Amino acid sequence: MGREVIRALCERTAELTAADGAPLVLAGIAVRDVDRARGRGLPAELVTDAPAHLVASPDTDVIVELMGGDEPARTLIAAALSAGKPVVTANKHVLARHGPELESLARRTGAALRFEASVGGGIPSSPATT
C-alpha cells in the first residue's frame, strides 16, 4: 500500500494538489530497511530509517502513516498531531486502540486526523444494478 501512495505522489503531481491549490511534494519516506527500499526503486534521496526526524522536520507539513501496528506508529502520530501537523493513516490497530486519545489530541491542536482508508477497506461493494 505504501509504495502505491509514493508512486502516486511522485508520478501524479499535476493531478494531486493541496486544498489551497499548492502542489504536494514528497518530503521523505521512512522505512525499516533503507537498502531494501532503495533496491525496490524508491527515491534514494527521500528514504530514511528515522521516522521521528520526518515528523519533527519543519519541511514536513502532513504525515501519512502506513506502517501499521501499535508502536512506534501511535507515538509518531501523537507527535505529529502535537506539533499541529495533519495525519492521514490506514492503521486500523492504532485507531482501534488509541482512536479517542488521538482524536482528542487532534482537536486540542487543531490538526486533522484522517483515517477513512483504515475503516472503509472491509466494506463490501454493492453489486451493480441494471
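Residues in region 16-40 that are assigned to a helix (DSSP H, G or I), hydrophobic (A, V, I, L, M, F, W, C) and without any contact (Cβ under 8 Å) to a residue 12 or more places away in the chain: 1 in all.
Taking region 3-15 as the range and being in a loop (DSSP other than H, G, I, E, B) and surrounded by fewer than 12 Cβ atoms within 10 Å (Cβ to Cβ) as the test, the residues that pass are 12, 14, 15. Given the condition buried (at least 19 other Cβ atoms within 10 Å of the Cβ), within 25 Å of residue 7 (Cα to Cα) and either at pLDDT below 95 or out of contact with any helix residue (DSSP H, G or I) (no Cβ under 8 Å at 6 or more places or on another chain) (or both), answer yes or no: does some residue in region 97-113 qualify? No: region 97-113 contains no residue that is buried (at least 19 other Cβ atoms within 10 Å of the Cβ), within 25 Å of residue 7 (Cα to Cα) and either at pLDDT below 95 or out of contact with any helix residue (DSSP H, G or I) (no Cβ under 8 Å at 6 or more places or on another chain) (or both). Among residues of region 50-79 that are touching a residue at least 24 places away in the same chain (Cβ under 8 Å), those with a Cβ under 8 angstrom from a residue that is acidic (Asp, Glu) and open to solvent by less than 60 Å² (accessible area, probe 1.4 Å), sequence gap 6+ or separate chain, pair up as 76/65; 77/65.
The values are calculated or read from the model by the stated rules, or taken from the named source; none is laboratory data. This is a predicted model, so every value here is computed, not measured. Note that we place each Cβ from the backbone using ideal geometry, even for glycine, and neighbour counts take in every protein chain shown. All accessible areas refer to the heavy atoms of the entire protein, side chains included, with ligands and DNA or RNA removed. Shrake-Rupley method; radii C 1.70, N 1.55, O 1.52, S 1.80 Å.
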